[in-house]
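Accompanying notes for the structure given below.
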Amino acid sequence: MLNNILDKIRLPFRKEKELYLSLYNITGFIPRDIQYYKLALMHKSISHNNKNGKALNNERLEFLGDAVLGSVVGTIVYQYFPKKREGFLTDTRSKIVQRETLNKLADKMGLLQLVKSSCKNGNNHNNYMGGNAFEALVGALYLDRGYDSCMKFVNNRILGDLIDINKIAYKEINFKSKLLEWGQKNHIDVTFNELEEKTDESGSPVFRYNVFISGIEGADGIGFTKKESQQVAAKATLKRLKEDPYFIDSIFSEKDKTPQTT
């Protein structure tokens with residue numbers, strides 16, 4: 001049946017038909033406007049300008065897909081856990097949409113193999129090509145078929161087949177790794193500094209750490225171990241990155257002032 005539909009579209013090349021089939025197998029939908037998806041699969045390493053001088057790569061679709069994916073996953077998590085509080089829901093959404101998870105999904109679904117890039121290895125620890133392409137694909141699907149199709153894609157293909165929402169919800173999230181990952185993606189230094197080590201009234205050790213991003217102070221964290229205090233500081237800093245635009249602006253302004261090493 002799918003082949004009959006593709007024959008009616010009258011695709012001029014075999015590779016074009018293969019792309020339609022691959023995207024259908026990944027998303028569950030036949031593309032209406034294939035150009036959105038071609039752009040979603042174009043890594044910035046092969047970016048070029050069109051006749052109007054506009055850069056052609058998947059970064060803008062990645063931005064859009066990130067927003068759509070956050071909304072879709074947030075809605076699903078809200079409905080799936082009706083008795084859970086905001087903090088639990090936020091953490092669960094973060095675990096699903098974090099770069100490491102999206103990289104693995106892109107690889108499992110065969111999406112990474114479709115990405116056009118000059119990079120030899122798009123899935124090493126310093127590269128998030130697969131996760132970026134996944135977000136760009138969601139952006140393309142949203143523009144091509146709308147929000148409801150994105151919801152069905154995540155519900156049926158991701159949470160239905162590839163992710164156990166209960167298992168991931170109760171998995172402890174590593175906020176420090178998530179913050180360091182954000183720094184790597186944006187080429188920004190993230191450091192953790194010990195501010196204080198003392199004992200409480202019962203004699204237990206207490207540690208306090210803070211985070212600096214590109215020399216800008218993020219948030220403090222207190223815990224009974226160094227790891228715990230760093231996790232608390234990282235979580236609070238991630239929250240600032242999400243909710244405080246002035247904080248983000250100051251970080252990138254400082255980054256622009258710092259000479260980049262090669």
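The values are calculated or read from the model by the stated rules, or taken from the named source; none is laboratory data. Remember, predicted model here, so these are calculated numbers, not experimental data. Here the Cβ is made from the backbone with ideal geometry for all residues, glycine too, and neighbour counts use every protein chain on show. Calculation scope for accessible area: heavy atoms of the full protein, side chains included, ligands and nucleic acids excluded. Shrake-Rupley method; radii C 1.70, N 1.55, O 1.52, S 1.80 Å.
Key figures
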| read-out | value |
| --- | --- |
| Residue match in the range 234-255 (condition: farther than 30 Å from Val77 by Cα and hydrophobic (A, V, I, L, M, F, W, C)) | yes |
| Total residues in the range 192-205, condition open to solvent by less than 70 Å² (accessible area, probe 1.4 Å) and either over 24 Å from Arg240 (Cα atoms) or assigned to a loop (DSSP other than H, G, I, E, B) (or both) | 4 |
| Qualifying positions in the range 189-216 - within 27 Å of Ser250 (Cβ to Cβ), in contact with a strand residue (DSSP E or B) (Cβ under 6 Å, 6 or more places away or on another chain) and not hydroxyl-bearing (Ser, Thr, Tyr) | Val190, Phe192, Asn193, Glu194, Leu195, Glu196, Phe207, Arg208, Asn210, Val211, Phe212, Ile213 |
| Unmet requirement for Ala219, which otherwise passes all of (1) surrounded by fewer than 15 Cβ atoms within 10 Å (Cβ to Cβ); (2) hydrophobic (A, V, I, L, M, F, W, C); (3) closer than 22 Å to Ser94 by Cα | (1) |
| Whichever residue in the range 168-182 is out of contact with any strand residue (DSSP E or B) (no Cβ under 7 Å at 6 or more places or on another chain) and of a type in the set (A, V, I, L, M, F, W, C) and, among such residues, is modelled with the lowest pLDDT | Ile173 |
| Failed item, numbered, when Lys104 is tested on (1) open to solvent by 70 Å² or more (accessible area, probe 1.4 Å); (2) within 18 Å of Ser22 (Cβ to Cβ); (3) under 15 Å from the mean Cα position of the chain (by Cα) | (2) |
| Of all residues in the range 149-183 being free of Cβ contacts under 8 Å to residues at least 40 places away in the same chain and open to solvent by 70 Å² or more (accessible area, probe 1.4 Å), the one that is farthest from Val211 (Cα to Cα) | Asp161 |
| First in the range 70-86 and under 17 Å from Asp164 (Cα atoms), second anywhere and open to solvent by less than 50 Å² (accessible area, probe 1.4 Å) and in a loop (DSSP other than H, G, I, E, B), Cβ under 7 Å, 6 or more apart | Ile76/Leu159 |
| Tally, over the range 56-109, of residues that are farther than 25 Å from Ile26 by Cβ and outside any helix (DSSP H, G or I) | 5 |
| Residues of the range 222-237 satisfying the condition of being open to solvent by 30 Å² or more (accessible area, probe 1.4 Å), hydrophobic (A, V, I, L, M, F, W, C) and not in a strand (DSSP E or B) | Phe224, Val232, Ala236 |
| Failed item, numbered, when Ser118 is tested on (1) in a loop (DSSP other than H, G, I, E, B); (2) polar (S, T, N, Q); (3) surrounded by 22 or more Cβ atoms within 10 Å (Cβ to Cβ) | (3) |
| Residues (open to solvent by less than 60 Å² (accessible area, probe 1.4 Å), assigned to a loop (DSSP other than H, G, I, E, B) and farther than 11 Å from Leu137 by Cα) located in the range 34-55 | His43, Ser47, Asn50, Gly53 |
| Pick from the range 76-101, criterion open to solvent by 40 Å² or more (accessible area, probe 1.4 Å) and of a type in the set (Asp, Glu), ranking: nearest to the chain's Cα centre (by Cα) | Glu100 |
| Single unsatisfied condition, Tyr24 versus (1) in a helix (DSSP H, G or I); (2) open to solvent by less than 50 Å² (accessible area, probe 1.4 Å) | (2) |
